[in-house]
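We did not get these values from a lab; they are worked out from the coordinates using the rules stated. Note that the coordinates shown come from a computational prediction; the quantities given were computed from them, not determined experimentally. Neighbour counts are summed over all protein chains in view; Cβ atoms, including those assigned to glycine, are modelled from backbone coordinates with ideal geometry.
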Amino acid sequence: MDDFKLTDHFSFFEVTGTSNAALQAKNRAEAEDVIPALKALAIMLEQVRAHTGPLRITSGYRCAALNGATVGSSKKSQHMKGEAADFVPVSGEITEETLEMFFQQVLVGIIAKGIPFGQIIKEQAKRDYSVSRWLHLSLGAPFREAAVCGQVLTMTDGKYILIKQVPIGR
């Protein structure tokens, strides 16, 4: 499939990209089945971008094979439905402190704008080569059951902690 814009700043290739070259073509081919969700996700990311500045998606849609090959991924991940993205700001080093500031900035923005989100998670995981840090944001209702929308969490090395649940999108 050719690349095309889902929104002004996010393209199909960007939200379906992976560093796993062996699964890239399969991932994009299977993503064609979830284009409506990918468009809704890109629209939500546009709203975040308007509040924070440019974003770099580190993981968007993941087919089942790619999700299975991704360390720490849930077998029920919204990534497999095109309903979630992991991202960081485009510029600057991602330290524990800068990610916390970015997390707070995104959280304030999505709450203030009333964006119906499923989960926002500040994530950190030790890898063989370094510590990776990113934010995860997923679509809320109707893509996710309303009772579990508005969840604000942290994840460190696979351990999730629910910080609070906000009444957004209910």
- [ ] Return the sequence-ordered ³J(HN,Hα) values of region 74-89 in whole Hz as given by the Karplus equation 6.51 cos²θ - 1.76 cosθ + 1.60 applied to θ = phi - 60°, using x for Gly and Pro.
- [x] 6, 5, 10, 4, 5, 4, 6, 10, x, 10, 8, 9, 9, 7, 9, x
Task: the chain, helix-only ellipticity at 222 nm - DSSP H runs n ≥ 4, -39,500 (n - 2.57), divided by all residues, nearest 500 - done: -9500 deg cm²/dmol
- [ ] Largest first and in whole Å, give the semi-axes of region 44-100's equivalent ellipsoid, each being the square root of 5 times a Cα gyration tensor eigenvalue.
- [x] 24, 14, 8
- [ ] Tabulate in residue order the Karplus-calculated ³J(HN,Hα) for region 92-103, using 6.51 cos²θ - 1.76 cosθ + 1.60 with θ = phi - 60°, rounded to whole Hz; enter x for Gly and Pro.
- [x] x, 6, 9, 9, 4, 5, 5, 5, 4, 5, 5, 4
Task: Highest-MSF residue in the chain out of Ala25, Ala84, Ala40 [GNM, Cα springs under 10 Å] - done: Ala25
Task: Positive-end residue, the chain charge dipole about Cα centroid, Cβ charges, pick of Leu55, Ser77, Val131 - done: Ser77
TODO: Using +1 at the Cβ of each Lys and Arg and -1 at the Cβ of each Asp and Glu in the chain, identify which of Gly109, Leu45, Cys149 lies farthest towards the dipole's positive end.
DONE: Cys149
Task: For Gly118, distant residues with modelled amide H under 5 Å away - done: Ser138, Leu139, Gly140, Gly150
Task: Note, ³J(HN,Hα) from phi for region 107-124, Karplus 6.51, -1.76, 1.60, rounded to Hz, x at Gly and Pro - done: 4, 4, x, 6, 6, 4, 7, x, 6, x, 9, x, 9, 10, 10, 8, 10, 8
- [ ] List every residue whose amide H lies under 5 Å from the amide H of Leu6, counting only residues 5 or more places away in sequence or on a different chain, with H placed 1.01 Å from N in the peptide plane.
- [x] Ser11, Phe12
TODO: Only Lys, Arg, Asp and Glu count, each charged at its Cβ (+1, +1, -1, -1), so figure out the dipole size of the chain about its Cα centre, rounded to 20 debye.
DONE: 420
Task: Amide H partners (placed H, <5 Å) of Ile163, local residues excluded - done: Val152, Leu153, Thr154
